[in-house]
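What follows is a single structure, written as structure tokens, with notes after it.
The values are calculated or read from the model by the stated rules, or taken from the named source; none is laboratory data. Please read all numbers here as calculations on a predicted model, not as lab measurements. Glycine gets a Cβ as well: all are built from the backbone with ideal geometry, and neighbour counts include every protein chain shown.
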Amino acid sequence: MEMALLSSDGFMFLLRWLHLFFGVMWIGLLYYFNFVQGSFFAETDPATKSNAIQKLVPRALWWFRWAAMFTMLSGLTYLASKGHRDGFEIFLTSWGVAILTGSALGLFMWANVWFVIWPNQKIVIASATQAAAGGKALPEAAAAGARAGVASRTNTMFSIPMLFFMGAASHLPMAVNPNANLWILVGVFAVIFGLLEANALKGKTGPMTTIQGVISCGFGLAGLLYVLVEVLTK
């Protein structure tokens, strides 16, 4: 008896399924941190906040960062397998342009989780733990928390166009000219992503300070990137 999951298509399906599973976990926690936890911390009393930072936040961050890791690994494995099976020219199609745009945003988000948010949040957690034990809070904790916050807001903004292009790959075919110079699109996107990431590393939240602001920025970025794809791939 043949089993669908043991075929080449079944393997690709399993990769997509795992990518979706880990991705839902990752983005769900990202939205929890930005839309729920931040507002709660701003309103609760210091003792409750300290207790949550010591006991709740580390658990949430563990699932958060490993969900990001496995989302990235399953996604890259899927793309490599897709290119190997169907030919790497597929990345020059509408599907390829959309999926690679979403993947690029996802990779920036993964890097922010592991190399910005998590290292800085470790400082915040250590500071709260030390203060609760009767010691002094770490002087660098405030700056570390602020930097993690900017990176987290940036990831929230990135997530909106990322999800748009991931969905567009299969559900919004675009008329990509195979003779178009896609390196122009790559260059323009590199500048945009680079500037936004530079702000995540060194800047401030700006219009992303509020929930409404970060959502608006995300939808605005999605619209801008979509228009650029339509214009620069003709």
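Anything in the range 19-52 that is over 23 Å from Thr205 (Cα atoms), more than 21 Å from the chain's Cα centre (by Cα) and of a type outside the set (A, V, I, L, M)? List them, or say none.
Passing the criteria: Asp45, Pro46, Thr48, Ser50, Asn51.
In the range 204-222, what residues are in contact (Cβ under 8 Å) with a residue 40 or more places away in the chain and surrounded by 15 or more Cβ atoms within 10 Å (Cβ to Cβ)?
Those that are in contact (Cβ under 8 Å) with a residue 40 or more places away in the chain and surrounded by 15 or more Cβ atoms within 10 Å (Cβ to Cβ): Thr205, Met208, Ile211, Val214, Ile215, Cys217, Gly218, Leu221, Ala222.
Wholly within the range 1-112, which helices (runs of 4 or more DSSP H) include no fewer than the required count, namely at least 3 residues that are surrounded by 15 or more Cβ atoms within 10 Å (Cβ to Cβ) and aliphatic (A, V, I, L, M)?
8-31, 57-86, 94-112
Which of the residues that make up the range 179-233 are in a helix (DSSP H, G or I) and among the polar types (S, T, N, Q)?
Once the filter is applied, which keeps residues that are in a helix (DSSP H, G or I) and among the polar types (S, T, N, Q), the range 179-233 yields Asn199, Gln212, Ser216.
Which of the numbered conditions does Asn181 fail, given that it passes all the others? Conditions: (1) loosely packed, with under 12 Cβ neighbours inside 10 Å; (2) modelled with pLDDT of 95 or more; (3) not hydrophobic (A, V, I, L, M, F, W, C).
(2)
Within the range 3-18, can you find the residues that are aliphatic (A, V, I, L, M) and under 19 Å from the mean Cα position of the chain (by Cα)?
Listed by number, the residues that qualify are Leu15, Leu18.
Restricting to the range 120-140, count the residues that are part of a helix (DSSP H, G or I), free of Cβ contacts under 8 Å to residues at least 24 places away in the same chain and under 27 Å from the mean Cα position of the chain (by Cα).
4
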